[in-house]
Structure formats: structure tokens, C-alpha cells
Amino acid sequence: MKWMLVVLVGGVTPVNTDLVFDKFADCLSAEEQMRKHYADAFDAWDKWAAMNIERRRDYSKARDAQAKRLLGNVGTCVPHGDGTVVKPEASPSPPPSPKPSP
């Protein structure tokens, strides 16, 4: 079975990454790397903001918004099909019923 990494933006909206893995462990590793990149991006922004935003209240609000934006995204591994679509067999339609004569 193949596995695909899907990102849940804000923890809710699924976004297909088109990253497909043969092993579940590889997919989990990619999810962990994605999470680390988001955390690193937040840490870099936080260092910049601490030095550049003068008012503590403004910094606090901006930090909360940035944390939701970056850290609210989570990855999950889902089974991935091979792309074939199985069409249901058409059921034969019943013969038309005879109309009653008047």
C-alpha cells in the first residue's frame, strides 16, 4: 500500500501535497520534517519580531496570529490508491410494463 502526505491547514482544511510514499514510516518521517520546518519558520519570525516590534502588546497579538498561521497546520498520512476508478456495473433496466387497455 502507498501512503500520501496531506496537510490540514489550520487543522481543518485538507490540502493534497502529491507526496506519495511506499512505506508508512517514510510518510511519517516527511510529516515530522514538515512540522520541523513550520516550527523553524515560526522561531525565525519570533526572533525577528522580538527585535522589531516595539510595543509588547502588538508583539503578543502578532505572535499569536503567526503561531496559529504556522503551527496550526498539521500533516497526516493517508492511504493512497493507484488512481484507477472502479465504475459500478450498470444494472439492467426492467422491461417496460404494459399499459392497461381502457
Looking only at the range 29-42, filter to residues that are surrounded by 16 or more Cβ atoms within 10 Å (Cβ to Cβ) and at pLDDT 90 or above; which one of those is farthest from VAL6 (Cα to Cα)?
ALA30
Considering each residue of the range 56-102, count those that are polar (S, T, N, Q), within 30 Å of LYS2 (Cβ to Cβ) and at pLDDT 75 or above, and give that number.
2
If I filter the range 1-28 down to residues being surrounded by 14 or more Cβ atoms within 10 Å (Cβ to Cβ) and not in a strand (DSSP E or B), which single residue comes out as farthest from the chain's Cα centre (by Cα)?
ASP26
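The values are calculated or read from the model by the stated rules, or taken from the named source; none is laboratory data. Because the structure is predicted, anything quoted here is derived from the model rather than measured. Using ideal geometry, Cβ is built from the backbone for each residue, glycine included, and neighbour counts are taken over all protein chains shown.
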